[in-house]
Amino acid sequence: DQQVKQNSPSLSVQEGRISILNCDYTNSMFDYFLWYKKYPAEGPTFLISISSIKDKNEDGRFTVFLNKSAKHLSLHIVPSQPGDSAVYFCAASEGTYKYIFGTGTRLKVLA
Amino acid sequence: GAGVSQSPSNKVTEKGKDVELRCDPISGHTALYWYRQRLGQGLEFLIYFQGNSAPDKSGLPSDRFSAERTGESVSTLTIQRTQQEDSAVYLCASSFTPGANVLTFGAGSRLTVL
């Protein structure tokens, strides 16, 4: 049972445009959400997080939106850069230590 | 150390052999996690340590898998009698406290079972 789903395995975006990566979850008790970026042969690196008490968190070019009623979060990258090309994972936790990760979305930013 | 170190980075083994994967977390991080990523899959939780204790081993796939942590530092994940379905990248992460909002991952150990 996949509690955290990333339904788009891949996404291509032109450089300078907005990238929108989506994530859906089923457990309404999740209260903390993270986005990670992963380059080949490297471990995932933390990007941005959001608590369930918020609906938006912004850090530079990265913004995460949380829609609790829809159990949906999204990561916006604007403007997209070729260096953003990577696999992006969303993760969720229920106030504890165990983060459940999605299957990832491969983003390709075209120059 | 400055980051989470994992060794070996690559391991090829024959079916039925035992393997040990090592993780050196960031110094001072009390929480340590093991995840697994099989080809085309997401990160699958295996086990979590708080100090040297493992409050949650629920993600270990079978009794062939075990893990320990000593000195509130190094952790070893052992897979006995490896099977081809064990082939994956095994990722270790640590955080300062449990439930902290940032897990710092190592680069992973890629295990291939022939």
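The values are calculated or read from the model by the stated rules, or taken from the named source; none is laboratory data. Predicted model, so just to flag it, every value in this text is computed and none were measured. All Cβ positions, glycine included, derive from the backbone under ideal geometry; neighbour counts span all protein chains shown. Side chains included, ligands, DNA and RNA excluded: accessible areas come from the protein's heavy atoms. Shrake-Rupley method; radii C 1.70, N 1.55, O 1.52, S 1.80 Å.
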Among (1) part of a strand (DSSP E or B); (2) surrounded by 14 or more Cβ atoms within 10 Å (Cβ to Cβ), the one test that B:Val12 misses: (2)
Restricting to segment B:52-105, name every residue that is under 22 Å from B:Gln37 (Cβ atoms), in a loop (DSSP other than H, G, I, E, B), open to solvent by 40 Å² or more (accessible area, probe 1.4 Å) and within 14 Å of chain A (Cβ to nearest Cβ). B:Lys57, B:Ser58, B:Pro98, B:Asn101, B:Val102
Scan segment A:60-83 for residues that are surrounded by 19 or more Cβ atoms within 10 Å (Cβ to Cβ) and under 13 Å from A:Leu21 (Cβ atoms) and jot them down. A:Val64, A:Leu73, A:Leu75, A:Ile77, A:Ser80
So, in segment A:88-111, how many residues would count as being at pLDDT below 95, of a type in the set (Val, Ile, Thr) and touching a Ser or Thr at 6+ places or on another chain (Cβ under 8 Å)? 1
Single residue of A:Lys108, A:Lys38 found to be under 12 Å from the mean Cα position of the chain (by Cα) and among the basic types (Lys, Arg): A:Lys38
Taking segment A:36-47 as the search range and keeping residues that are surrounded by fewer than 18 Cβ atoms within 10 Å (Cβ to Cβ) and touching a strand residue (DSSP E or B) at 6+ places or on another chain (Cβ under 8 Å), which one is farthest from the other protein chains (Cβ to nearest Cβ)? A:Tyr39
